[in-house]
Amino acid sequence: MKQKNLVYSWTGNTAACAVALGEQLKAEVELILEQKEREGSSGFATGGFSASIGLSSKLKEKPQTEGVDVLLIGMPVWAGTTPPAINAFFLSTDSADCRRFFVRVGGVGGLCL
Ligand SMILES: Cc1cc2nc3c(=O)[nH]c(=O)nc-3n(C[C@H](O)[C@H](O)[C@H](O)COP(=O)(O)O)c2cc1C
């Protein structure tokens, strides 16, 4: 059975969770990358605003999910919802392919929820 962790991470925390989970579950890890890099306080502000109104961003590449039996999708919470890169992934795929989610939020130390 092929398992994959597909993850968006801006500052690296969710990616670290994905790698740790990947080792435990023997799952391949793929990062979702945006075409335009977010930087600093403007990246924070535009990211939070875009997330809050449900916008998508442009991805460098469409994540590969063919042949994957169990897909885990990792993301940070932005403005109480999904970040634009994750919205873009959902728009580009049949969400029926998705089976599991994990999220990482602020204020919980090193915990991966
Ligand atoms: C633009 C932005 C908005 C955020 N909004 C929330 C939020 O609404 N609730 C929350 O608990 N954490 C929020 N956070 C904190 C992130 O979810 C948290 O720091 C996460 O671990 C970052 O993951 P990353 O290092 O993989 O990017 C926000 C972070 C950013 C950058």
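The values are calculated or read from the model by the stated rules, or taken from the named source; none is laboratory data. Everything numeric here is computed off the predicted structure, so don't read it as measured data. Please note: Cβ atoms are built from the backbone with ideal geometry, for glycine as well, and neighbour counts cover all protein chains shown.
When the stretch 23-57 is limited to residues that are under 25 Å from Gln3 (Cα atoms) and over 13 Å from the mean Cα position of the chain (by Cα), the one that is farthest from the ligand (Cβ to nearest atom) turns out to be Lys26. Note on the stretch 16-47: residues that are of a type in the set (Gly, Ala, Ser) and modelled with pLDDT of 95 or more total 6. Of the candidates Ala20, Ala45, the single residue that is over 21 Å from Phe90 (Cα atoms) and touching a residue at least 60 places away in the same chain (Cβ under 8 Å) is Ala20.
Matching residues to (1) at pLDDT 90 or above; (2) under 20 Å from Asn13 (Cα atoms):
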position	(1), (2)
Val77	yes, yes
Thr82	yes, yes
Ile86	yes, yes
Asp94	no, no
Cys98	no, no
Arg104	no, yes
Val108	no, yes
Leu113	no, yes
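Matching residues to (1) of a type outside the set (Asp, Glu); (2) surrounded by 14 or more Cβ atoms within 10 Å (Cβ to Cβ); (3) closer than 15 Å to Trp78 by Cα:
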site: Tyr8; (1), (2), (3): yes, yes, yes
site: Ala18; (1), (2), (3): yes, yes, no
site: Lys26; (1), (2), (3): yes, no, no
site: Val29; (1), (2), (3): yes, yes, no
site: Glu34; (1), (2), (3): no, yes, no
site: Ala51; (1), (2), (3): yes, yes, yes
site: Leu55; (1), (2), (3): yes, yes, yes
site: Leu59; (1), (2), (3): yes, yes, no
site: Glu66; (1), (2), (3): no, no, no
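Checking the stated criteria, Thr11 turns out to be near the ligand (Cβ under 9 Å from one of its atoms), closer than 20 Å to Gly80 by Cα and not in a helix (DSSP H, G or I). Under the condition of being surrounded by fewer than 18 Cβ atoms within 10 Å (Cβ to Cβ), away from the ligand (no atom under 16 Å from the Cβ) and assigned to a strand (DSSP E or B), the residues counted in the stretch 68-82 number 1. In the condition set (1) at positive phi; (2) touching a Lys or Arg at 6+ places or on another chain (Cβ under 7 Å), Asn13 is compliant with all but (1).
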